[in-house]
1. Hey, what number do you get for the chain at 222 nm if only DSSP H runs of n ≥ 4 count, each worth -39500 (n - 2.57), divided across all residues, to the nearest 500?
2. Taking H as built 1.01 Å from N, whose amide H comes closer than 5 Å to the amide H of G141, not counting residues under 5 places away?
3. So if I take the alpha carbon set of the chain, get Rg, then get Rh from the Kirkwood formula, what is the Rg over Rh ratio?
4. What size of dipole, in debye to the nearest 20, comes out for the chain about its Cα centre when the only charges are +1 on Lys and Arg C-beta atoms and -1 on Asp and Glu C-beta atoms?
5. Under a 5 Å amide H to amide H cut-off, with H placed in plane at 1.01 Å, what residues pair with G15 once short-range neighbours are removed?
6. Per residue of region 99-110, what does 6.51 cos²θ - 1.76 cosθ + 1.60 with θ = phi - 60° give for ³J(HN,Hα)? Whole Hz please, x for Gly and Pro, Karplus curve as stated.
7. Pull out a ≥ b ≥ c, the square roots of the eigenvalues of the alpha-carbon gyration tensor of region 1-97, then state rounded if a/c is under 1.5, prolate if not and a/b is larger than b/c, and oblate in the remaining case.
8. Want the number for Y163 to R102: 0.36 nm per residue separation, take away the alpha-carbon distance, what's left?
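None of the figures in this text is laboratory data; all of them are computed from the coordinates on show. Worth saying up front: this structure is predicted, and the values here are computed from it rather than measured. Note that we place each Cβ from the backbone using ideal geometry, even for glycine, and neighbour counts take in every protein chain shown.
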Amino acid sequence: MSEKAKIAVLVSGGGTNLQALIDAEKSGIISSGEIKLVISNNEGAYALQRAKKAGITSVVCSKKILGDGFEDTLIEILEDNGIDLIVLAGFMCILSEKFTSRYANRIINVHPSLIPSFCGKGFYGLKVHEAALDYGVKVTGATVHFVNEIPDGGKIIMQKAVYIKDDDTPETLQRRVMEEAEWKILPMSVEKVSKEIKG
Ligand code: GAR
């Protein structure tokens, strides 16, 4: 069998999607890749505790502190660790074209809506679910896609729909979209792309 794809997971917050990836690797849903590294742009991210608990090396790479040197530092860390696949799992920084073109078809992102609805600049976290409820859509969901220079604009890998309930709040909807869609399609997509990279 060929070597596994080396995965870096980039996070900013709670890290429930990171947890879903860690659990999927343990249970064998992800078998073609292994999480080598967790990188957070936020030193207070709970995701870092999740990485520690799972015995995964983590690094803080702060855009606030590094400024213009942020992406160069990120690249150095990724290259030093021989990373094949970059997974944005609740990573709240937009990456430049210089960065995304260097890793074409090697960066994937999970977004909490059915792209092309409620996506692009300014649509992140709870804001996405607020916008979906304000609009009155009856179905939302999650999307995993490749990352290119257009925010949430790369080729779609997987999507899963979630029905909206009459009494949903942004918080209840966010939780259901995570449970029913994100935590399922992100690990499945990571396995699919890892397999393609190493296949
Ligand atoms: C997730 O819902 C993810 O889809 C979203 O942020 C949340 C992070 O949660 N990402 C975006 O909105 C990116 N545009 P987590 O830290 O618990 O995985």
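1. My calculation for the chain gives -10500 deg cm²/dmol from helical runs alone.
2. Here L114, V162 satisfy the definition.
3. Numbers: Rg = 16.1 Å, Rh = 16.9 Å.
Checking Rg against Rh, the ratio lands at 0.95.
4. Working: 24 positive and 26 negative charges, 72 e Å.
For the chain, the charge dipole is close to 340 debye.
5. Result for G15 returns A47.
6. After applying 6.51 cos²θ - 1.76 cosθ + 1.60, I find 6, 5, 6, 5, 10, 4, 6, 10, 10, 10, 9, 9 Hz.
7. Oblate.
8. 18.2 nm
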